[in-house]
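What follows is a short report on a single structure.
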Amino acid sequence: MEDDSKLSYFFLGLGLGVAVGVLFAPKSGTETRGFIVDKAGEGVGYVKRRGEELRDTATETIERSKETLRRHKENLAAAVDAGKQAYRDAVVNEPAAE
């Protein structure tokens, strides 16, 4: 029974809130709808701008990551080549077994 009572109070409060909102609304319905449409348009514009900024930032980050990976790959290749050369030099300069 308590749940029914709570639900009744909720709907009573909701109805009173709507009634007070309608009575004390600062603008007419047409003006309010126009205001909501304008704000929604601003929100859409904001989301588009932020999306473009995020895309640009992601693109820059990916490009920097690719460049860093390329440099590391070159350094690793140079280290492997240096290791191979050092091995060759060690084998060539090794004294012959008697």
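Values computed for the structure shown
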quantity	calculated
Long-range neighbours under 7 Å by Cβ, at least six apart or interchain, first residue in a helix (DSSP H, G or I) within the stretch 5-19, second of a type in the set (A, V, I, L, M) and surrounded by 10 or more Cβ atoms within 10 Å (Cβ to Cβ)	none
Failed condition for Thr30, given (1) touching a helix residue (DSSP H, G or I) at 6+ places or on another chain (Cβ under 9 Å); (2) exposed (fewer than 10 other Cβ atoms within 10 Å of the Cβ)	(1)
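Rundown of residues vs (1) over 23 Å from the mean Cα position of the chain (by Cα); (2) among the β-branched types (Val, Ile, Thr); (3) open to solvent by less than 100 Å² (accessible area, probe 1.4 Å), yes/no style:
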{"position": "Leu7", "(1), (2), (3)": "yes, no, yes"}
{"position": "Ala19", "(1), (2), (3)": "yes, no, yes"}
{"position": "Leu23", "(1), (2), (3)": "yes, no, no"}
{"position": "Glu67", "(1), (2), (3)": "no, no, yes"}
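The values are calculated or read from the model by the stated rules, or taken from the named source; none is laboratory data. All values reported here derive from a predicted model rather than from experimental measurement. Reconstructed Cβ throughout: ideal geometry from the backbone, glycine too, with neighbour counts over all protein chains shown. Side chains are part of the model used for accessible areas, which takes the heavy atoms of the whole protein and leaves out ligands, DNA and RNA. Shrake-Rupley method; radii C 1.70, N 1.55, O 1.52, S 1.80 Å.
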